[in-house]
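What follows is a set of notes on a single structure, which appears directly below.
The values are calculated or read from the model by the stated rules, or taken from the named source; none is laboratory data. What you are looking at is a predicted structure, and each value in this text was computed from that prediction instead of being measured. Because the Cβ atoms are built from the backbone with ideal geometry, glycine has one as well, and the counts that use them run over all protein chains shown. These area figures cover heavy atoms from the full protein model, side chains too; ligands, DNA and RNA do not enter into them. Shrake-Rupley method; radii C 1.70, N 1.55, O 1.52, S 1.80 Å.
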Amino acid sequence: MRNENLLFIGFMGCGKSSVARALALDLKRVFFDSDDLIELKFKLSIKEIFQKYGEDFFRKEERLLADFFANTSNAIIASGGGFYKNANLKEIGKIIYLEAGFDFLKNRLSKDELLKRPLFSDEKTARALFEERVHKYKALAQQTINVENKSIETIKDEIKKGLI
């Protein structure tokens, strides 16, 4: 296995944070979550950041993190759903897309989890956003893992097979 970062991309609720955190423990690597880091910086939730500062502000913070991640090594990184828009993604490391259908994701998330995701507030808008992003995720990914109805262990095993 090469000594590089692993960057997880995918739509909201696909399990990027859960899978990346579990894989980081297995591989004894540092774990970063872009959304968590932004929340910590501002001591606000993502929803509050969107409400107070707007989406453009949030995306600028993601760009700063993308630059930081591009200068790290041996990390496993869970990104937010829109993080793929950063131009230097391939400089960060291997890009792994966690793939799932919209209805699966919507049904997987609890009402509380849906409320935390500002771009999921209107189902019609969220579905359109999903349709817009899914092709971009696939185009960027160096490994795609379908996560529907799979345990974290199974997903981790599939990812590890792709690292050899």
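So LYS138 passes all but one of these: (1) part of a helix (DSSP H, G or I); (2) without any contact (Cβ under 8 Å) to a residue 40 or more places away in the chain. Which condition number does it fail?
Of the numbered conditions (1) part of a helix (DSSP H, G or I); (2) without any contact (Cβ under 8 Å) to a residue 40 or more places away in the chain, the odd one out for LYS138 is (2).
Out of the residues in the range 81-110 that are open to solvent by 50 Å² or more (accessible area, probe 1.4 Å) and among the basic types (Lys, Arg), which is modelled with the highest pLDDT?
Looking at residues that are open to solvent by 50 Å² or more (accessible area, probe 1.4 Å) and among the basic types (Lys, Arg), I get LYS85.
Tally up the residues in the range 68-116 that are of a type outside the set (A, V, I, L, M, F, W, C), part of a loop (DSSP other than H, G, I, E, B) and under 13 Å from the mean Cα position of the chain (by Cα), please.
Number satisfying all stated conditions: 5.
Would you call SER18 within 16 Å of the chain's Cα centre (by Cα) and surrounded by fewer than 19 Cβ atoms within 10 Å (Cβ to Cβ)?
It is true that SER18 is within 16 Å of the chain's Cα centre (by Cα) and surrounded by fewer than 19 Cβ atoms within 10 Å (Cβ to Cβ).
Could you identify the single residue in LEU37, LEU7 that is modelled with pLDDT of 95 or more, more than 17 Å from ASN74 (Cα to Cα) and open to solvent by less than 60 Å² (accessible area, probe 1.4 Å)?
Just one listed residue meets the conditions, LEU37.
Which numbered condition in (1) at pLDDT 95 or above; (2) open to solvent by 20 Å² or more (accessible area, probe 1.4 Å); (3) touching a Gly at 6+ places or on another chain (Cβ under 8 Å) is the only one that LEU119 fails?
Unmet condition: (1).
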